[in-house]
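Working notes for the structure below.
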Amino acid sequence: MRRTDRLFDLIQLLRDGRLHKASDLAEQMEVSVRTIYRDMDTLVASGIPVEGERGVGYILRAPVFMPPMALTQVELEALHLGAALVRQTADTELQEAATRVLTKIDQSMPEPMFGAIDGFGKEIFAAPEVAASFGNMPTIRRAIREQLVMLIDYTALGGRHSRRRIRPLQMEYWGRAWTCTGWCEERSDFRVFRVDRINDILLPGDRFEQEPGQTLVDYLKRFETT
């Protein structure tokens, strides 16, 4: 978690007006107590009305508000719908992030807007194939972000079993399934894998470079019309 995000989350925890021990905050934020001490010093130095001391605890003595956001009813509805899709079609890490984003947005609005609490009358249900992808998605997202080679154990739709060494480039959501597009080193070509049919993923720690002819841009060019 970025430090700026952690500082914002700390403010959210302190907004209840109660005294919080540094050890409790550290456990909730999954960081060390020393990190909480440094973060509290930063909040105080930035003008946030936090009072307390090490070994005793911290309390927020005055309310803290985010600047109001000028969102229309339809814009807010679009954000809630997008977050609802993430909460039902993505892995736990992204689901929790979507919930935090909505909380930040709703709390920054100048006044409650009708429908925000109940999702504007919409509900989304993930297909079984989507839910089966959740376990693999955090690892794939990390591999894409850090350009890490993945070793996968894969079962194709026809039942054929294989082991591949791939360079993941992006994930795609198709409504009923997630796929991962990557450069397959065994085939020396691009391949698309159903995430729910990946039985196991290993990250050996090998990083790959964006080589000409093997990038996502190169893959997408195959679908351009002339």
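The values are calculated or read from the model by the stated rules, or taken from the named source; none is laboratory data. Here the structure is a predicted model, which means the values were calculated and not measured. Cβ: placed from backbone, ideal geometry, glycine included. Neighbour counts: every protein chain shown. Remember, those area values only see protein heavy atoms, side chains included, never the ligands or the DNA or RNA. Shrake-Rupley method; radii C 1.70, N 1.55, O 1.52, S 1.80 Å.
Going by the structure shown, is Val149 open to solvent by less than 40 Å² (accessible area, probe 1.4 Å), among the aliphatic types (A, V, I, L, M) and modelled with pLDDT of 85 or more? For Val149, the condition - open to solvent by less than 40 Å² (accessible area, probe 1.4 Å), among the aliphatic types (A, V, I, L, M) and modelled with pLDDT of 85 or more - is met. Pairs only if they're at least six apart or on different chains, beta carbon under 8 angstrom, first in the stretch 167-192 and under 15 Å from Thr215 (Cα atoms) and in contact (Cβ under 8 Å) with a residue 24 or more places away in the chain, second of a type in the set (Gly, Ala, Ser) and open to solvent by less than 70 Å² (accessible area, probe 1.4 Å); list them, first residue then second. Final answer for the pair search is Arg167/Gly182; Pro168/Ala143; Pro168/Gly182; Leu169/Gly182; Phe190/Gly182; Arg191/Gly182. Candidates are the residues of the stretch 114-128 that are open to solvent by less than 60 Å² (accessible area, probe 1.4 Å) and part of a helix (DSSP H, G or I); the one that is modelled with the lowest pLDDT is Gly119.
Might you let me know whether the stretch 203-217 holds any residue that is out of contact with any Pro (no Cβ under 9 Å at 6 or more places or on another chain) and under 27 Å from Pro128 (Cβ atoms)? Yes, because at least one residue in the stretch 203-217 is out of contact with any Pro (no Cβ under 9 Å at 6 or more places or on another chain) and under 27 Å from Pro128 (Cβ atoms).
Residues are listed down the side, and each one gets a yes or a no for (1) open to solvent by less than 60 Å² (accessible area, probe 1.4 Å); (2) out of contact with any helix residue (DSSP H, G or I) (no Cβ under 7 Å at 6 or more places or on another chain); (3) not basic (Lys, Arg):
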position	(1), (2), (3)
Val130	yes, no, yes
Thr139	yes, yes, yes
Ala143	yes, yes, yes
Gly158	no, yes, yes
Arg167	yes, yes, no
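Total residues in the stretch 5-43 satisfying the condition of being open to solvent by 50 Å² or more (accessible area, probe 1.4 Å), within 18 Å of Ala97 (Cα to Cα) and acidic (Asp, Glu): the figure is 1. Any residue at all in the stretch 95-113 that's acidic (Asp, Glu), assigned to a helix (DSSP H, G or I) and modelled with pLDDT of 85 or more? Checked against the condition, which is being acidic (Asp, Glu), assigned to a helix (DSSP H, G or I) and modelled with pLDDT of 85 or more, the stretch 95-113 yields at least one hit.
Of everything in the stretch 179-202 that is hydrophobic (A, V, I, L, M, F, W, C) and open to solvent by less than 40 Å² (accessible area, probe 1.4 Å), the residue that is farthest from Thr139 (Cα to Cα) is Phe190.
Beta carbons closer than 9 Å, at least 6 apart along the sequence or on distinct chains, pair a first residue in the stretch 203-226 that is farther than 17 Å from Ile140 by Cβ and without any contact (Cβ under 8 Å) to a residue 40 or more places away in the chain with a second that is in a helix (DSSP H, G or I) and not aliphatic (A, V, I, L, M) for Pro212/Asp218.
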